[in-house]
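Below: the structure, in structure tokens.
The values are calculated or read from the model by the stated rules, or taken from the named source; none is laboratory data. Model, not experiment: these values are computed from the prediction. All Cβ positions, even for glycine, are placed from backbone atoms using ideal geometry, and neighbour counts span all protein chains on display. Protein only, heavy atoms only, side chains kept; ligands, DNA and RNA dropped before computing areas. Shrake-Rupley method; radii C 1.70, N 1.55, O 1.52, S 1.80 Å.
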Amino acid sequence: MQYYSTNRQAPMASLEEAVVRGLATDKGLYMPERIKALPKEFFDGIAGMSFQEIAYHVADAFFGEDIPAEDLKRIVYDTLAFDAPVVHVDGNIHSLELYHGPTLAFKDVGARFMARLLGYFNGQHAASAMTEAPSLRGRVGEKASLVNVLVATSGDTGSAVANGFLGVEGIHVYVLYPKGKVSAIQECQFTTLGQNVTALEVDGVFDDCQRLVKSAFMDDELNAHIRLTSANSINVARFLPQAFYYFYAYAQMKRQGKEGELVICVPSGNFGNICAGLFAHRMGLPIKRFIAANNSNDIFYQYLLTGEYLPRPSVQTIANAMDVGDPSNFARILDLYGHSHAEISGLISGAAYSDEQIAETLKDTYHRTGYLLDPHGACGYRALREGLQPTEQGLFLETAHPAKFRDTVEAITGDAVVVPEKLQTFMRGTKLSVPMTAQFDDFKAYLMSV
Ligand SMILES: *Cc1c(COP(=O)(O)O)cnc(C)c1O
């Protein structure tokens, strides 16, 4: 399958090119040239299938032409080594809990899939170097076997990417994070891993980390010396696999006979997650409509209301993974619906909540139902509570475990949050960061030397 750029200036790319480049050369986002509808028999039998079986069918529609069935199956099954249960909250509202992966947030799915896909491509190169040019075996094989993933993080992305790539052969990950500016819980999730993950503690702010990464990609000498790639969230290999759990959620609702008028609500920041849901819908998944829940960064909500897209600097909120002022995947949504505001606003409605409203919802829901939301899920839950019709069944995506935002959540509910064992294990680990200045020359010298 070929991938085109939403800006339509760059040449078509193969799956591997799209994954290694991340962003197209015209700065557009890659889109698969076809979105295949899945057959009726698939939906007829979906309620009896496992998460992995369902995901493999979905993955096959996108990646089946490029990856042999057995390899793709292994990638999918390894990626989804955890469940994504639908849990009833109250009335006709359900939570799709996407926090049962290693770093307790939905980004685990995309990060783990991308890591395994890159690992697969890498193995292919190593294998073909062996057979095609035995005399170059050592040299070519060696070069093909080391891909360096650079990722700048303000907290959450670093943990999902580092853990997603942990132990994947032929790949080394460098996580750049701003010293003293990520929470202790976040920091321990990518600084204690060791193995093929190196955390660089940059003496600067997040923007410095991002600048160092961007400069590295543009530096010819460095790129001639080592292979660099990015694991940005707009990467097709991180974004498309998120479609898997929409199908699995539908299957779980169908098992309970509740799939009739399904409304899915997605707490949204960069809009990658909801965009994957829109792809699932295009593949034939019977979802009646979507709701995009925002915090105070309500650029998309305003677009739905007015038809005008006016990006602006983000403001900080307690649902900080949604603090985005210019959502990158908006370009994909426009492309998917031929830039039609009527079509987009016909399928998706919006909502936006202040920190006070998020806190109020989290507290009220906890005391009334016993269900503990995280600040992002709270936006999703509230949008359903306010917008759902009695005939509809609502499902919101609970995008992270509340323990990841422990201080905020405990201050709101007044109760201690139970920290899952997985998170406690990270917190017991030893910090292994390498100190780094915010000067590109220092960063470059470091990468040249390793
Ligand atoms: C990344 C993230 C979001 C936003 O997802 P997008 O795909 O950027 O819209 C929401 N909640 C949590 C917990 C996240 O980590």
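Under a 5 Å amide H cut-off, with hydrogens placed 1.01 Å from N, residue 351 pairs with 292, 294 among residues at least 5 apart or on other chains.
Legend: residue pairs 36/254; 179/422; 288/363; 40/363; 27/288, Cα-Cα distance threshold 31 Å; pairs beyond threshold, 40/363; 27/288. Averaged over its residues, the chain has an accessible area of 40 Å² per residue, based on protein heavy atoms and a 1.4 Å probe. At the residue level, residue 361 shows approximately 10 square angstrom of accessible surface with a 1.4 angstrom probe and all protein chains present.
Rounded to the nearest 10 degrees, the inclination of helix 355-369 to the longest alpha-carbon principal axis of the chain is 60 degrees.
With the charge dipole of the chain set up from +1 on Lys and Arg Cβ and -1 on Asp and Glu Cβ about the Cα centre, the Cα lying farthest toward the positive end among the listed residues 247, 437, 380 is that of 247. Relative to its Kirkwood radius, the Cα radius of gyration of the chain gives an Rg/Rh of 0.95.
Axis angle, to the nearest 10 degrees, between helix 272-282 and the longest C-alpha principal axis of the chain: 70 degrees. Counting only protein heavy atoms and a probe of 1.4 Å, the accessible surface of the chain is 51% carbon and sulfur. Couplings 3J(HN,Hα) for the stretch 114-125, derived from phi with the Karplus relation 6.51 cos²θ - 1.76 cosθ + 1.60 (θ = phi - 60°), are 4, 4, 6, 5, 4, x, 5, 4, 4, x, 4, 5 Hz, where x marks Gly and Pro. Here the dipole of the chain is about 420 debye; that uses its Cα centre as origin and unit charges on the Cβ of Lys and Arg (positive) and Asp and Glu (negative). Residues whose amide H lies under 5 Å from that of residue 94, counting only those 5 or more places away or on a different chain, are 89, 394, 395, 396; hydrogens are built 1.01 Å from N in the peptide plane. For residue 199, the amide hydrogen comes within under 5 Å of the amide hydrogens of 175, 434, counting only partners 5 or more places away or on other chains and with H modelled in the peptide plane. Ordering 52-63, 427-438 by mean Cβ neighbour count within 10 Å, with the highest value first, yields 52-63, 427-438.
Net charge near residue 297: determine it from the other residues with C-beta under 12 Å of the C-beta of residue 297, scoring Lys and Arg +1 and Asp and Glu -1.
On the way: positive: 312; negative: 298, 323, 326, 355.
Here the count lands on -3.
Between the helical axis of 156-165 and the longest alpha-carbon principal axis of the chain there is an angle of about 60 degrees. For a test of the definition: using alpha carbon positions, the gyration tensor, and the 1.5 limit on a/c, classify the stretch 327-450 as rounded, prolate or oblate. Taking the square roots of the gyration eigenvalues as a ≥ b ≥ c, the stretch 327-450 is oblate.
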